[in-house]
Amino acid sequence: MIIAAKPQEIHTSQKDLFEFLSDFNNYEHLMPEQIVNWTSDNDSCSFTISGMLSLTLKFKEKTPYRQIDIVPDGKSPIRFVLKIMLEEHASAQQQTTAKVEVDADLNPMMAMIAKKPLENLVQMISEKLSQRFQD
């Protein structure tokens, strides 16, 4: 199941946005308020989703200036890839379109439970990225 947020126009260069997103220390302020007990370093983060579960995430792959793939590290009740895709505007070097999506491997029962929280997660990350880099 792929859940995608509405693409956002980010007011910074593709390179600067990629570098910002390549450090998990920058993700805490992009998360919904249900995320608590946040800890991070450059390459991984751990947190608890209030009342649900604890997760550790790591970078799976970084394609310079184009895409970042994030996956669970260790034990996770669901398998997923959080993808952030970046595309710089040809006409404006300080404008980048960011698309955030989750590709989750869920059975039908888990899909019913997890769909709304995953939609909220990708939308929140997308919106907060846009706010972070406003003029």
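Return the residue satisfying two criteria in turn: it lies in segment 67-110 and is β-branched (Val, Ile, Thr) and closer than 16 Å to MET52 by Cβ, and of such residues it is nearest to the chain's Cα centre (by Cα).
Start the filter on segment 67-110 by keeping residues that are β-branched (Val, Ile, Thr), which leaves 68, 70-71, 78, 81, 84, 96-97, 100, 102.
Among the residues that remain, those that are also closer than 16 Å to MET52 by Cβ are: 78, 102.
Numbers: ILE78: 16, VAL102: 8 Å.
Filtering first and then ranking leaves VAL102.
Within segment 27-49, track down each residue that is part of a helix (DSSP H, G or I) and either surrounded by fewer than 16 Cβ atoms within 10 Å (Cβ to Cβ) or on the phi > 0 side of the Ramachandran plot (or both). Even if it seems obvious, please write down each step before you answer.
Filtering segment 27-49 for residues part of a helix (DSSP H, G or I) gives 28-30.
Result: GLU28, HIS29.
Residues in segment 50-88 that are outside any strand (DSSP E or B), surrounded by 13 or more Cβ atoms within 10 Å (Cβ to Cβ) and not hydrophobic (A, V, I, L, M, F, W, C): how many? Before the answer, list the steps.
Going residue by residue through segment 50-88, those that are outside any strand (DSSP E or B) are 50-52, 64-66, 73-78.
Narrowing the set further to residues that are surrounded by 13 or more Cβ atoms within 10 Å (Cβ to Cβ) leaves 65-66, 73, 76, 78.
Cutting the leftovers down to not hydrophobic (A, V, I, L, M, F, W, C) gives us 65-66, 73, 76.
So the count comes out to 4.
When residues of segment 1-19 are filtered for being over 30 Å from PRO108 (Cβ atoms) and surrounded by 17 or more Cβ atoms within 10 Å (Cβ to Cβ), how many remain? Spell out how you get there, then give the answer.
First, the residues of segment 1-19 that are over 30 Å from PRO108 (Cβ atoms): 8-19.
Filter once more, so that each one left must be surrounded by 17 or more Cβ atoms within 10 Å (Cβ to Cβ): 8, 10, 12-14, 17-18.
Count: 7.
A short reminder: the numbers here are calculations on the coordinates, not readings from a lab. These numbers come from a predicted model, not from an experiment. In this analysis, Cβ positions are derived from the backbone assuming ideal geometry, glycine residues included, and neighbour counts consider all displayed protein chains.
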